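Here's the structure we're looking at; comments come further down.
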Amino acid sequence: MPRLRPSTQATALAITLVVLGQAELWLLPSLDTELVRARTHLLPFAVLVPAALVLRTGAPLAAVLVAAGALVAQAIMVAPAMLLTQLAALLIAVYTVGAHGPLPRALAGLVAACTAPAALALRTDATVQETASIAVFATAPWLAGRVIARVRAYAARLEKLTAELERERERSAALAVAEERGHIARELHDILAHGLGVMTLQAGGARRMLRRDPDRAHAALVTIEDCGRQALAEVRRLLDTVDPGPGVGAAHAEHARGRAPQRLPVGAEGPPPGLVEVQRPQPSLADVGSWLRRTVVHSHPVSLHVEGDPRSLPPGLDLTAFRIVQEAVTNAHKHAPGAATSLRVRYSGDAVELEVANERGEPGPAGPPAGAGPPGRGRGLIGMRERVAMFGGSLETGPTDDGGFLVRARLPLEPAR
């Protein structure tokens, strides 16, 4: 159901009170005696006071001035009394000017509203206490309006702050993605440089042995072909990485261009030892065991389980698998100190699966137990997602039933394209 506009609501309220005021004026037998005698003269005031509420949305102070002025004129010219509908209209107008008007206008509206009961008190010889009680009665809705105005202003500031924090979180996440993609691009560049170096060495050797030993030359050419295929796949993946799409492209490209290609000076007669600079290969999944022995402390035990037959993986995928394990184990050690961690590597026919699970950590120095999962910003998880997505894999992360944390990644051996 569509919601009515505020001006329409104000008009409907004013019409309702006008109708009820006429019913009160002509139909209720309990009406004040003075008002009964002056019904005809009271009629325009019974319409004017509630009709002033039409102004409450656009000009709340004007609504109070019209209603209060009409009541003062009624008390002086007709009778020192007011209808219930007139009182209700005045209180609604006072509330509105308190809730929606700036403080100077709100105070002016309050003073104007108090003139109506003051005029009634003067005409009826009311005591000071009675006059004060009437003024307090008129002040109550004004105070309620001011409180609601403060609450609305606070809610608006809170909503604005929440939106700013959300935008900042999105910017931070985009920057983290750009940084991680740049890092991945540099690693793929290193892999590509290593592969091209191997191809250069093998090509030089094949050229020298082509006539003397055709079989060895053929084997070298096969190696060149394999390295070329892998290098081509890494180039495609590198292009996908440095062109992530709108939003983070500029920052990502800066990161991806952060390292210049390595030169491979090749001599005219082939590459003798030491002449070709071949970059050291990046770490691979086979290096996980030695990495754990070098870096993991005794207070944070990590058990390694390998299932299936280990096999040679494409260099980029091999490096990605190692980085995922490295990040997951490091996160477990950082966010759940002292907790036992298990690492499982599964080789299947079409994929390699990685699973890092840790138990609940020991209580932190500040009191509450250290969380098993990474913090809300999750830059490590962002990096893992980027690496897994690059190979068309899947990543599952989240808390376990025993309070620990689980990271499970599946990397297909043939990238999804």
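Listed here are the residues, each with its yes/no results for (1) among the β-branched types (Val, Ile, Thr); (2) modelled with pLDDT of 85 or more; (3) buried (at least 18 other Cβ atoms within 10 Å of the Cβ); (4) in a loop (DSSP other than H, G, I, E, B).
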site: Asp309; (1), (2), (3), (4): no, yes, no, yes
site: Ser342; (1), (2), (3), (4): no, yes, no, no
site: Gly380; (1), (2), (3), (4): no, no, yes, no
site: Ala389; (1), (2), (3), (4): no, yes, no, no
site: Ala416; (1), (2), (3), (4): no, no, no, yes
Does segment 358-365 contain any residue that is touching a Ser or Thr at 6+ places or on another chain (Cβ under 7 Å), at pLDDT 85 or above and either closer than 18 Å to Ala409 by Cα or of a type in the set (S, T, N, Q) (or both)?
yes
Could you list, in sequence order, the residues of segment 93-107 that are of a type in the set (A, V, I, L, M) and surrounded by 24 or more Cβ atoms within 10 Å (Cβ to Cβ)?
Ala93, Val94, Val97
Failed condition for Val19, given (1) out of contact with any helix residue (DSSP H, G or I) (no Cβ under 7 Å at 6 or more places or on another chain); (2) crowded, with 17+ Cβ neighbours inside 10 Å; (3) modelled with pLDDT of 85 or more
(2)
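Would you confirm whether or not segment 74-85 contains a residue that is assigned by TED's automatic domain parsing to the domain that holds Cys114, polar (S, T, N, Q) and without any contact (Cβ under 8 Å) to a residue 40 or more places away in the chain?
Yes, segment 74-85 has at least one match.
The values are calculated or read from the model by the stated rules, or taken from the named source; none is laboratory data. Since this is a predicted model, take the numbers as computed values, not measurements. Every residue, glycine as well, gets a Cβ built from its backbone with ideal geometry; the counts of neighbours run over all protein chains shown.
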